[in-house]
1. Please state the shape class of the stretch 142-181: rounded when a/c is under 1.5, otherwise prolate if a/b exceeds b/c and oblate if not, all from the C-alpha gyration tensor.
2. What lysines does LYS177 reach when the alpha-carbon gap must be under 18 Å and sequence neighbours fewer than 8 apart in one chain are set aside?
3. Which shape class, rounded, prolate or oblate, goes with the stretch 77-126 when its Cα gyration tensor gives a ≥ b ≥ c as root eigenvalues, a/c under 1.5 marks rounded, and past that a/b bigger than b/c marks prolate?
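A short reminder: the numbers here are calculations on the coordinates, not readings from a lab. Quick caveat, the model's predicted, so the values are computed rather than measured.
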Amino acid sequence: MVFVCTPCPCFRMVSINNSFLAGLRLSRLSAGRSLAVPALSRTRWTNPNLICADSRSSQTHFPRTSAHRTFLTTTVIYRKMLAKLTDAERAEKLKPLLDNAGWKLVENRDAIYKEYLFADFNQAWAFMSAVALKAEQMNHHPEWFNVYNKVQVTLATHDCGGLSERDVRLASFMDSKVPSK
C-alpha cells in the first residue's frame, strides 16, 4: 500500500508494511497516485514502518511522543576500526610490493604510490573500472588520477591514518589487473 510521506522534505510516495494502515481507505487521484484519508495523519507518527521513499534521505519517521518511544528499537552497527600496519606486517606484506611490484612510499605521509602506463585510454579505463568495482566491494577507495593512458594511484587508509591491510590487498589486486605486455 502506498501513501504520501508529508513529514519529510521529499514528498514522495512511501510504502507501508503495517496491517492496520493497510486497511485504511485511499482515494485515487486522476494522476494515478494514492492519497491517504485523514486517518493517516493521526496514525503516521505511531507507525515506525513509515519509511521515506527518497533514497537520498532514507529516513524512518518515528513517533514524536515519549510514550511511543518505549516501543522503538535502535540498531547500531559498529565497524571494526582498521589498524595501521605494524613493523612486522610491513616487512612481511608491504616489502614485496615495494621491492618487486614498483610501489613507492609517499614522502611526508604514510601511503604508497604507483603509476601505471597502458597502451591506450581504453585499457586504462578498463583497469580503473575493474579496480573501482573491487574498491567498492572492499569499501576502500583509492586516490587516483588519469590522463589518457596513465593512471596514478595513491593508497592510504584514512580511518587509521596510514597504511592498513586493505591497502596491501587493493594494491595486489591492482597489480593482478594490469594486462601483460
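1. The shape class here is oblate.
2. Candidates past the 8-residue exclusion: LYS114, LYS134, LYS150.
3. oblate
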